[in-house]
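Just below is one structure, and these are the notes that go with it.
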Amino acid sequence: MSDILTFIVFILLAGLAIGSALAMVAQRNPLYSAISLIGVFGALAGLYLTLAAPFIAAVQIIVYAGAIMVLVVFVIMLLNVEEEVRRPVRLRYLVPTAVLLAAVLFAEAAFILFYVNDAPAPPSPLATAEPSTTGLTASIGTGLFTTYLLPFEITSILILMALVGAMTLARRTAARPQDLVVPGAQVLPLQMVEPARVGDDTPVRSDTTAEAARTLGLNEQEQTRE
Amino acid sequence: MDWLNNLVGPTVARGIFQFIGINVAFVVVLMIVAYTVLAERRVLGFIQGRLGPNRVGPGGILQPFADLLKFIFKEEIVPDKSTRFIYFLAPFLAITCALMPIIVYPFGPEIHIPGTRIVFPLVVARFDVALLYVLAITSVGVYGIALAGWSSNNKYSLMGGLRSAAQLISYELSLGLSLVGVVLLSGTLDLYEIVGQQGGWHGLRWNIIFQPLGFIIYLISAIAETNRVPFDLPEAETELVAGFHTEYSALKFALFFMAEYVNMFTVSMLATTMFFGGWQGPGVSTFPLLGIFYFLGKVICFLFLYIWLRGTLPRFRFDQLMNFGWKFLLPMAILNLIITATVVFFFGT
């Protein structure tokens, strides 16, 4: 009874995951793609639950669906990314390469399915010791902070480095007052133009919109579109 | 119990009991939520020196039902340029994510029906990662608001959606970290067990005694997570008309409205469970039914605090909100975590 139920749930979740993944690639609207990706993460979390790994499932939702995808959706909404327009493929050699790589991938999957699956499974140390606790919070925590402590710490430092690097790249150097021009005839304090100079009340030179655009380095095309 | 087990097997019998439990919990919570709305309007009325709604039924007691009928019969207006599918999806996402965490909260201790052998705990589902489940569902709840703001195709809605996404991402961190202190003390993520451990000292050994800083951080971030005053920037009516739900009307607006109050309720339940001993209190060990009243009473105190804040506090500015969240609340939460971890390491729990 419960085997059939598990199988039905697996088919449903796997179908949802594959369907959402295909939809993510096929959609032209970036926000729809993002929502499809959230669907993939949700279905994967469900699959982890059927494998008796509730901790992994919860973390999957918290980290991917709840944090990373919120940021992605935020950026898509903030920049108002428009729908992708279909263009002729420029890099033609990519098409046969993709077919070849896909064939290799499917061959690997088939190999795993037909050969590795048939081989007698070696007795797993986790499965023989205490099968019921594998995948639960306590066993994962113990593993992370004893056996796998060094890889865990190295990963954290790697992520910290990536964070610091991203901040260094994103943080613009504070502009000097004379470099900044506000469109339209108005005088503004520098802190309203340049977020990095909070508290700086130096007035910014103002001018006509066209003059401002030229100083800021915007070309003619962008001006007309605005 | 036994005859049902024999009839359909233990798995299905448990499923049936959980289905009943889920529905009872939802009905109870939605009724309390309906009356929270009424209480808010009455209490705000008294704070502002007026009466508030008192005409429908004795003392306004039937006002929530009148409101609901009005919401049902209002005209549905869908903006022409909206993204239709997401526009319909967003309110359902919001209310679903608000209702889902209810099933893991223990409303009371195990109840024994006198004269029978039936014993059942007043919690719908118990599992190993209950707290993480709550945090996961809460973190998904932001999509309801963000997508509503985007799909309405209205600049005020979009601003509201953006603000809410940024705000929730920022305060989720401090919220999670403030709860880690309690988890360190109790050594489990199972809410039922966390409540059980707070039963010492005649049911008054509450976690807030050991985690005062953690509780204050939790309270502030929880108010921010539920978009309530003074953190109600996603729907700041003096700047954004009504924020993310500007273009929503009739029952879809009612769903957002309900989701906000259900979120308030679940956040108050989490505060009660984690910091105020859940259903624990003097006398619960002899009269288990008293636990339900203790639990709901504590939750109602938190709901009153929400209303009180709304009546008395002004709104943050957005840069103040971000600075406060990242530069004050998050470092304090990390400090609290370090102190708790050190104490637990050296002195045990």
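The values are calculated or read from the model by the stated rules, or taken from the named source; none is laboratory data. The structure displayed is predicted, hence computed values, not measured ones. Virtual Cβ from ideal backbone geometry, glycine too; neighbours counted across all protein chains shown. We work out accessible area using only protein heavy atoms, side chains counted, and drop any ligands, DNA or RNA first. Shrake-Rupley method; radii C 1.70, N 1.55, O 1.52, S 1.80 Å.
Structure notes:
- Residue in region B:116-138 that is more than 25 Å from B:Ala25 (Cα to Cα) and more than 9 Å from chain A (Cβ to nearest Cβ) present: no
- When residues of region B:206-237 are limited to those that are acidic (Asp, Glu) and not in a loop (DSSP other than H, G, I, E, B), the one modelled with the lowest pLDDT: B:Glu237
- B:Phe293 being at pLDDT below 90, farther than 29 Å from B:Met332 by Cα and surrounded by fewer than 17 Cβ atoms within 10 Å (Cβ to Cβ): yes
- Hits in region B:166-205 (condition: away from every other protein chain (no Cβ under 11 Å) and not in a helix (DSSP H, G or I)): B:Gln198, B:Gly199, B:Leu204, B:Arg205
- Filtered residues of region A:72-84 (kept if open to solvent by 30 Å² or more (accessible area, probe 1.4 Å) and within 7 Å of chain B (Cβ to nearest Cβ)): A:Phe74, A:Leu78
Listed here are the residues, each with its yes/no results for (1) hydroxyl-bearing (Ser, Thr, Tyr); (2) surrounded by 22 or more Cβ atoms within 10 Å (Cβ to Cβ); (3) touching a strand residue (DSSP E or B) at 6+ places or on another chain (Cβ under 8 Å); (4) closer than 20 Å to B:Val134 by Cα.
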site: B:Gly187; (1), (2), (3), (4): no, no, no, yes
site: B:Gly196; (1), (2), (3), (4): no, no, no, yes
site: B:His202; (1), (2), (3), (4): no, no, no, no
site: B:Phe210; (1), (2), (3), (4): no, no, no, no
site: B:Leu213; (1), (2), (3), (4): no, no, no, no
site: B:Ile216; (1), (2), (3), (4): no, no, no, yes
site: B:Leu219; (1), (2), (3), (4): no, no, no, yes
site: B:Ala222; (1), (2), (3), (4): no, yes, no, yes
site: B:Asn227; (1), (2), (3), (4): no, yes, no, yes
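- In region B:152-159, the count of residues that are within 13 Å of chain A (Cβ to nearest Cβ), modelled with pLDDT under 85, in contact with a helix residue (DSSP H, G or I) (Cβ under 8 Å, 6 or more places away or on another chain) and outside any helix (DSSP H, G or I) is one or more.
- Answer from B:Phe244, B:Phe253 - the residue that is farther than 30 Å from B:Ile113 by Cα and crowded, with 24+ Cβ neighbours inside 10 Å: B:Phe244
- Yes/no for B:Ile145 being facing chain A (nearest Cβ under 10 Å), open to solvent by 10 Å² or more (accessible area, probe 1.4 Å) and closer than 21 Å to B:Asp232 by Cα: no
- Which numbered condition B:Ala165 misses (of (1) open to solvent by less than 20 Å² (accessible area, probe 1.4 Å); (2) in contact (Cβ under 8 Å) with a residue 40 or more places away in the chain; (3) within 24 Å of B:Leu270 (Cβ to Cβ)): (2)
- When region A:1-32 is limited to residues that are outside any loop (DSSP other than H, G, I, E, B) and within 18 Å of B:Leu89 (Cα to Cα), the one that is nearest to the other protein chains (Cβ to nearest Cβ) turns out to be A:Leu31.
- Contact map, region A:50-69: first residue under 16 Å from A:Gly39 (Cβ atoms) and at the interface with chain B (Cβ under 9 Å from one of its Cβ atoms), second residue among the hydroxyl-bearing types (Ser, Thr, Tyr) and open to solvent by less than 20 Å² (accessible area, probe 1.4 Å), Cβ cut-off under 7 Å, separation 6 or more or different chains; pairs are A:Gly66/B:Ser139.
- Hey, B:Ala90 assigned to a loop (DSSP other than H, G, I, E, B) and either open to solvent by 10 Å² or more (accessible area, probe 1.4 Å) or within 14 Å of chain A (Cβ to nearest Cβ) (or both) or not: no
- The criterion of at least 1 residues that are among the basic types (Lys, Arg) is met by the following helices (runs of 4 or more DSSP H) wholly inside region B:273-349: B:290-312.
- Criterion violated by B:Ile16 - all others in (1) hydrophobic (A, V, I, L, M, F, W, C); (2) open to solvent by 30 Å² or more (accessible area, probe 1.4 Å); (3) closer than 16 Å to B:Leu99 by Cα satisfied: (3)
- When B:Ala146, B:Ala224 are checked against the criterion of being more than 17 Å from the chain's Cα centre (by Cα) and under 30 Å from B:Phe88 (Cβ atoms), a single residue qualifies: B:Ala146.
- None of B:Val129, B:Val134, B:Val124, B:Val140 is surrounded by fewer than 24 Cβ atoms within 10 Å (Cβ to Cβ) and at pLDDT 85 or above except B:Val140.
- Single residue of region A:47-85 satisfying the filter (part of a loop (DSSP other than H, G, I, E, B) and among the β-branched types (Val, Ile, Thr)) that is nearest to B:Leu158 (Cα to Cα): A:Val81
- Pairing residues of region B:227-245 that are among the basic types (Lys, Arg) with residues that are modelled with pLDDT under 75, at Cβ distances under 7 Å and at least 6 apart in sequence or on separate chains, gives no pairs at all.
- Meets criteria (open to solvent by 20 Å² or more (accessible area, probe 1.4 Å), within 30 Å of A:Gly141 (Cα to Cα) and more than 14 Å from chain A (Cβ to nearest Cβ)) for B:Val78: no
- Verdict on B:Leu191 being closer than 26 Å to B:Glu260 by Cα, open to solvent by less than 20 Å² (accessible area, probe 1.4 Å) and either in contact with a Pro (Cβ under 6 Å, 6 or more places away or on another chain) or of a type outside the set (Asp, Glu) (or both): yes
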